[in-house]
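Worksheet for the structure shown next.
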Amino acid sequence: MDQVKIVELLRSVPLFSDLSDHDLRTVADRMKEVHFTQGTSVATQGQTGVGFHLVVDGTAEVVKDGARVTELRHGGYFGEIGLIDGGPRSATVTATSDLMTVSLVGWDFTPLLDNPSFTRGLLMGLCKIARQEKGG
């Protein structure tokens with residue numbers, strides 16, 4: 001997948017929405033295409049995740065505490081907060097069709113935090129996420 005399309009998708013993710021075009025390209029350059037076959041568990045609730053996944057093609061089901069939460073399609077994503085804190089997955093994500101994501105692992109992401117403008121953009125994105133969760 002080309003960088004321009006990845007940047008477009010990243011721009012729709014609240015965490016990354018306040019990054020500059022340059023910073024979005026930097027993130028896109030570090031992302032790798034990953035393929036999962038139907039039925040594969042991509043992430044398991046309670047286990048440590050290694051990165052952020054952005055759905056390019058296919059579908060995946062998100063289940064939290066045994067209940068179906070949503071279905072992810074093109075542009076859907078998960079693992080963005082774990083990318084920052086390295087914490088456990090808050091839900092299980094299973095490919096419900098053959099699935100292609102572009103993914104970013106923590107060890108490729110962490111060095112980007114040394115750039116103050118990058119980190120400021122992420123903080124603004126985290127504020128958007130926090131406001132959405134609190135309803136304002």
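Some values worked out for this structure:
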item	result
Residues of type aspartates and glutamates that LYS32 reaches as a straight line, Cα spacing below 20 Å, ignoring anything fewer than 8 places off in the same chain	ASP2, GLU8, ASP21, ASP23, ASP57, GLU80, ASP98, ASP108
Long-range HN-HN contacts of ALA43 with modeled amide H, under 5 Å	VAL93
Simple Cβ-charge dipole of segment 3-134, Lys/Arg +1 and Asp/Glu -1, about Cα centre, in debye nearest 20	260 debye
Efficiency of FRET between GLN45 and ASP114 - r from beta-carbon atoms, R0 30 angstrom, step 0.05	0.45
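None of the figures in this text is laboratory data; all of them are computed from the coordinates on show. Quick caveat: nothing in here was measured; it's all calculated off a predicted structure. Virtual Cβ from ideal backbone geometry, glycine too; neighbours counted across all protein chains shown.
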